[in-house]
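**Student:** Dropping a structure here in structure tokens format, bear with me for questions.
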Amino acid sequence: MLYLYTPQDMACYQHALQQALPQQEVRCWPEEVAAVQVKYAVVWNPPAGFFKYMVNLQAVFVLGAGVDRILKRDDLDPTVPIVRLTDAGMAQQMLEYVLYGVLHVQRQMGQYRRQQTLRQWQALTAPSAGQTRIGVLGLGEIGGWVAQSLAAMGYAVAGWSRAGRQLPGVQDYIGQAALPDLLARSDILVNLLPATVQTRGLLDGRMLSHLPSGAAIINAGRGEQVDEAALLGLLDSGHLRFAMLDVFEVEPLESVHPLWSHPSVLLTPHIAAMTLVEPAVEQIAANVQTIIQGGVPQGLVERERGY
Ligand code: NDP
Ligand code: OXD
């Protein structure tokens, strides 16, 4: 049996999974089932205790790219394989999101908005794409596509990862020691890292200060990677000119949080790249077949490294 929990589109997922895996019995929360019969769970942030009695689980499929929350759960046997989505239509959505922020900064749209409120008709100079230096943190399924696509559009792109990745037109920065150098050459910093022990709190005030004066940040990785108080301080001082934020330390962002009303912040409710039913189900169904045949599923999470 395959048991499903998702806060959105449950019926769509159930239908699509049943079609793609006719040999499996696909049931969904909150239907009561014999937990011992559940072999596969397909989930996004299921309620506490969800996995408790699923003693025969063979894999958990996460309906997203990030696995930080599932790795923190205490109701899931740590030996059960976790499989995440790899791209599944999210990389292109993320590129669109990031490109919106890049163009906002490069083409001075914030300044034009301010001028509009003053009814000021005034042309501003804008750097070319080639003069706009973008630093992408994380060169995985999503960050890799974003970095190489921006480079193909003519931006001066550098990317940062643990092991390094050669991508066309992207300058490769590798490992912790190279991070300050990457920041120092980034007019726009794009964070697309997974949340792990190493990346939590990575972009604190000291690290963000390596960005050049007047730089901007786009964060669609995870909120806990950026120190929000330090970010606000750097925006207030003018060291940073703009922040586009999709993820936050606490989600939903509390209504009293100062980020909501900051004039240099554009924020969105964790929508940069949404899970799409069709490609997600296709990937999960293929992975279930792979597991049944004794193979290694695409997107198998390495628990020790946290992604
Ligand atoms: P991948 O696992 O494919 O890629 C992760 C990348 O991060 C790899 O390049 C990896 O380097 C790098 N990395 C990990 N840890 C470190 C570190 N300590 N130092 C340097 N580089 C590091 O992930 P995806 O691209 O699929 O997704 C990335 C993240 O994007 C997700 O985990 C999630 O947090 C976020 N996300 C946000 C969404 C949104 O809507 N806001 C939607 C989807 C994802 P290496 O390969 O060398 O190990
Ligand atoms: C994801 C996300 O990790 O939505 O897929 O953040």
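The values are calculated or read from the model by the stated rules, or taken from the named source; none is laboratory data. Since this is a predicted model, take the numbers as computed values, not measurements. Note that we place each Cβ from the backbone using ideal geometry, even for glycine, and neighbour counts take in every protein chain shown. In case anyone asks, the SASA skips ligands and DNA or RNA and just uses the protein heavy atoms, side chains included. Shrake-Rupley method; radii C 1.70, N 1.55, O 1.52, S 1.80 Å.
**Student:** With respect to residue 283, is the statement that it is assigned to a helix (DSSP H, G or I) and either free of Cβ contacts under 8 Å to residues at least 12 places away in the same chain or surrounded by fewer than 16 Cβ atoms within 10 Å (Cβ to Cβ) (or both) true?
**Tutor:** no
**Student:** If you take the residues in the range 79-105 that are assigned to a loop (DSSP other than H, G, I, E, B) and touching a helix residue (DSSP H, G or I) at 6+ places or on another chain (Cβ under 9 Å), which one is farthest from ligand 1 (Cβ to nearest atom)?
**Tutor:** 81
**Student:** Moving on to the next point. Please name all residue pairs, on different chains or six or more residues apart, with Cβ atoms under 8 Å, provided the first residue is in the range 115-126 and is more than 14 Å from residue 104 (Cβ to Cβ) and the second residue is in a loop (DSSP other than H, G, I, E, B).
**Tutor:** 115/121; 115/122
**Student:** Out of the range 116-140, which residues are under 23 Å from the mean Cα position of the chain (by Cα) and either surrounded by fewer than 20 Cβ atoms within 10 Å (Cβ to Cβ) or basic (Lys, Arg) (or both)?
**Tutor:** 133, 140
**Student:** For the range 161-189, how many residues meet the condition of being more than 12 Å from ligand 1 (Cβ to nearest atom), open to solvent by 40 Å² or more (accessible area, probe 1.4 Å) and in a strand (DSSP E or B)?
**Tutor:** Looking only at that region, the number is 1.
**Student:** Looking at residue 75 and the list (1) more than 16 Å from ligand 1 (Cβ to nearest atom); (2) assigned by TED's automatic domain parsing to the domain that holds residue 179; (3) not polar (S, T, N, Q), which single condition is not satisfied?
**Tutor:** The number of the failed condition is (2).
**Student:** Within the range 209-224, how many residues are open to solvent by less than 20 Å² (accessible area, probe 1.4 Å), under 19 Å from residue 158 (Cα atoms) and within 16 Å of ligand 1 (Cβ to nearest atom)?
**Tutor:** 5
**Student:** Of the residues that sit in the range 239-249 and are open to solvent by less than 40 Å² (accessible area, probe 1.4 Å) and not β-branched (Val, Ile, Thr), which one is farthest from the chain's Cα centre (by Cα)?
**Tutor:** Restricting to residues being open to solvent by less than 40 Å² (accessible area, probe 1.4 Å) and not β-branched (Val, Ile, Thr), the top hit is 240.
**Student:** Just to be sure I understand, how many residues within the range 252-261 are touching a helix residue (DSSP H, G or I) at 6+ places or on another chain (Cβ under 7 Å) and surrounded by fewer than 16 Cβ atoms within 10 Å (Cβ to Cβ)?
**Tutor:** The qualifying residues number 1.
**Student:** Considering only the range 71-86, how many residues are in contact (Cβ under 8 Å) with a residue 60 or more places away in the chain and within 19 Å of the chain's Cα centre (by Cα)?
**Tutor:** Looking only at that region, the number is 6.
**Student:** Answer with yes or no whether residue 192 is away from ligand 2 (no atom under 16 Å from the Cβ), open to solvent by less than 40 Å² (accessible area, probe 1.4 Å) and either within 20 Å of the chain's Cα centre (by Cα) or at pLDDT 95 or above (or both).
**Tutor:** no
**Student:** Now for a separate question. For the range 145-160, which positions are open to solvent by 30 Å² or more (accessible area, probe 1.4 Å), assigned to a helix (DSSP H, G or I) and more than 10 Å from ligand 1 (Cβ to nearest atom)?
**Tutor:** Listed by number, the residues that qualify are 148, 152.
**Student:** Continuing with this model, one more query. Among the residues of the range 154-166, are any touching a His at 6+ places or on another chain (Cβ under 7 Å) and on the phi < 0 side of the Ramachandran plot?
**Tutor:** No.
**Student:** Determine whether residue 226 is away from ligand 2 (no atom under 13 Å from the Cβ), in the same structural domain as residue 146 (by TED's automatic domain parsing), under 21 Å from residue 8 (Cβ atoms) and out of contact with any helix residue (DSSP H, G or I) (no Cβ under 7 Å at 6 or more places or on another chain).
**Tutor:** Criteria not met by residue 226.
**Student:** Of (1) out of contact with any Pro (no Cβ under 8 Å at 6 or more places or on another chain); (2) open to solvent by 40 Å² or more (accessible area, probe 1.4 Å), residue 299 satisfies all except one. Which?
**Tutor:** (2) is the only condition that residue 299 fails.
**Student:** Here's a follow-up. Pull out all pairs, ordered by first then second residue, where Cβ-Cβ is under 7 Å, the residues are six or more apart or on different chains, the first lies in the range 198-214 and is at pLDDT 95 or above, and the second is part of a loop (DSSP other than H, G, I, E, B) and crowded, with 17+ Cβ neighbours inside 10 Å.
**Tutor:** Note: pairs meeting the criteria are 199/193; 201/227; 203/227; 204/227; 205/227; 211/186; 212/187.
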